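Read-outs throughout are calculated quantities, based only on the coordinates presented, and are distinct from any laboratory measurement. Quick caveat: nothing in here was measured; it's all calculated off a predicted structure. With ideal geometry, Cβ positions are generated from the backbone for all residues, glycine too; neighbour counts draw on all protein chains shown.
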Amino acid sequence: MRLATWNVNSLKARLPKVLDWLEYAQPDVLCMQETKLADAAFPTMPFAGLGYEVAHHGEGRWNGVAIASRVGLGEVSQGFVSGPGSADGPDEARLVTAECAGIRVSSVYVPNGRSLDSEQYPLKLAWLERLRTDLTSGLSPETPIAICGDFNIAPEDRDVYDAAKFVGATHVSEAERSALRALTDWGLADAFRCVYPHEGKLFTWWDYRAGDFHNHRGMRIDLVLVSPPVREAVRYALVDREARKGLGSEAPPSDHAPLFVDLDWAIGPASS
DNA sequence: ATGGTAGCATCGCTA
């Protein structure tokens with residue numbers, strides 16, 4: 001089973017590239033973030049044409065998350081479903097969860113945080129804490145779980161191109177990394193790190209500006225977090241940098257590259 | 001130190 005995540009930065013602008021990538025990379029499940037679409041505007045037909053069912057949670061102009069699956073899609077929930085303060089906070093489409101081939105898959109788009117002195121920064125930390133309680137309360141780590149998406153956190157200094165340039169910046173602060181550790185302490189593992197335990201400077205996002213992609217100035221902020229039964233099944237993972245390139249007259253790329261994780265996992269017949 | 005780019009509900013905001 002190939003499980004992928006990709007912040008597409010507008011599915012409307014990126015649809016041809018996403019469809020090309022589905023045909024080329026053949027993921028069984030693709031989690032998307034920043035679709036920037038309302039639910040009614042989601043292009044269901046071209047996904048169905050490639051054999052994918054889709055669960056989407058969108059609001060229109062910003063955010064928007066989706067899960068496309070060709071191995072079954074059930075028990076869909078949009079947004080937070082439980083936990084304290086579930087009625088609080090801004091109504092932003094940043095979480096959708098569905099069961100795919102026996103794995104509880106979530107597509108998440110963690111708030112950016114903007115800067116440490118922004119009012120958005122504590123909201124990011126609160127959102128992460130709420131994500132933890134929502135996705136883990138009442139569950140055993142032995143439940144097959146995969147939380148996939150744009151976490152807007154680089155877990156370690158080796159996950160940014162130059163740690164010195166990020167001192168005092170968001171995405172690398174101790175509080176953000178601690179919020180991420182709360183998830184891993186519960187039992188979730190960074191699947192990419194399971195495959196590349198020693199490497200550094202392997203990124204999933206590069207700023208559009210100043211030739212950052214070409215100059216290898218990026219960050220690893222897109223993650224697939226897996227519970228122990230899924231971790232046991234991890235065989236391979238890759239960031240597809242080809243998809244971050246703008247090729248000739250094609251549509252321009254997202255500023256994120258897709259990450260996929262290959263699992264030795266029984267898919268079984270597709271069901272819905 | 002600044003600015004660099006992209007998407008959008010575009011002349012301001014988000015990333």
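Of the residues A:Ser115, A:Asn63, A:Leu238, the one whose Cα sits farthest toward the positive end of the charge dipole of region A:2-263, with +1 on the Cβ of Lys and Arg and -1 on the Cβ of Asp and Glu, is A:Leu238. Net length available on complete extension from A:Gln26 to A:Ala251 is 79.0 nm, with 0.36 nm assigned per residue and the Cα-Cα distance removed. Computed over the alpha-carbon atoms, chain A gives an Rg to Rh ratio of 0.93, Rh here being the Kirkwood radius from the mean inverse distance.
Are any of the pairs A:Lys12/A:Lys201; A:Lys36/A:Lys124; A:Lys124/A:Lys245; A:Lys17/A:Lys124 more than 24 Å apart by Cα-Cα distance, and if so, which? Pairs exceeding the cut-off: A:Lys12/A:Lys201; A:Lys124/A:Lys245; A:Lys17/A:Lys124. Each label point was placed 7 Å from the Cα along the Cα-to-Cβ direction; for A:Asn112 and A:His198 their separation is 3.7 nm. Comparing A:Trp205, A:Trp127, A:Trp186 in a Gaussian network model of chain A where C-alpha atoms under 10 Å apart are linked, the largest mean-square fluctuation is found at A:Trp186.
Dipole check for region A:129-250: with +1 at the C-beta of Lys and Arg, -1 at the C-beta of Asp and Glu, and the Cα centre as origin, the magnitude is about 200 Debye. Each label point was placed 7 Å from the Cα along the Cα-to-Cβ direction; for A:Phe166 and A:Leu139 their separation is 2.6 nm. Shown for chain A: cysteine residues without a partner Cβ closer than 4.7 Å, namely A:Cys100, A:Cys194. Between the listed residues A:Thr44, A:Trp206, A:Ile145, the Cα displaced farthest toward the positive end of the dipole of region A:2-263, a dipole computed from Cβ unit charges relative to the Cα centre, is found at A:Trp206. Build a GNM of chain A with springs between Cα atoms under 10 Å: which of A:Ala41, A:Ala164, A:Ala93 gets the top mean-square fluctuation? Result for chain A, Cα springs under 10 Å: A:Ala164 fluctuates most. Distance between the 7 Å Cα→Cβ label points at A:Leu19 and A:Ala38: 2.3 nm. Kirkwood radius for region A:1-156, taken over all pairs of different Cα atoms as the inverse mean of 1/r, rounds to 15.9 Å. Debye calculation, C-alpha points only, no solvent: report log10 I(q)/I(0) for region A:208-258 at q = 0.20, 0.21, 0.28 Å⁻¹, in the same order as the q values. Each listed q maps to, in turn, -0.79, -0.84, -1.18. Using the Cα coordinates of region A:12-71, the gyration tensor eigenvalues translate into equivalent-ellipsoid semi-axes of 18, 11, 10 Å, sorted from longest to shortest. Assuming charge only on the beta carbon of Lys and Arg (+1) and of Asp and Glu (-1), the dipole of region A:2-263 about its Cα centre is about 440 debye to the nearest 20. Loop-located trypsin sites (Lys or Arg not before Pro) across region A:1-63 with a Cβ neighbour count of 11 or fewer within 10 Å are A:Arg61, with loop assigned by DSSP.
Size of region A:140-231: Rg and Dmax of its alpha carbons, in Å, are 13.8, 45. Here the Gaussian network model covers chain A, with springs between Cα atoms less than 10 Å apart; of A:Cys31, A:Cys148, A:Cys194, A:Cys194 fluctuates the most.
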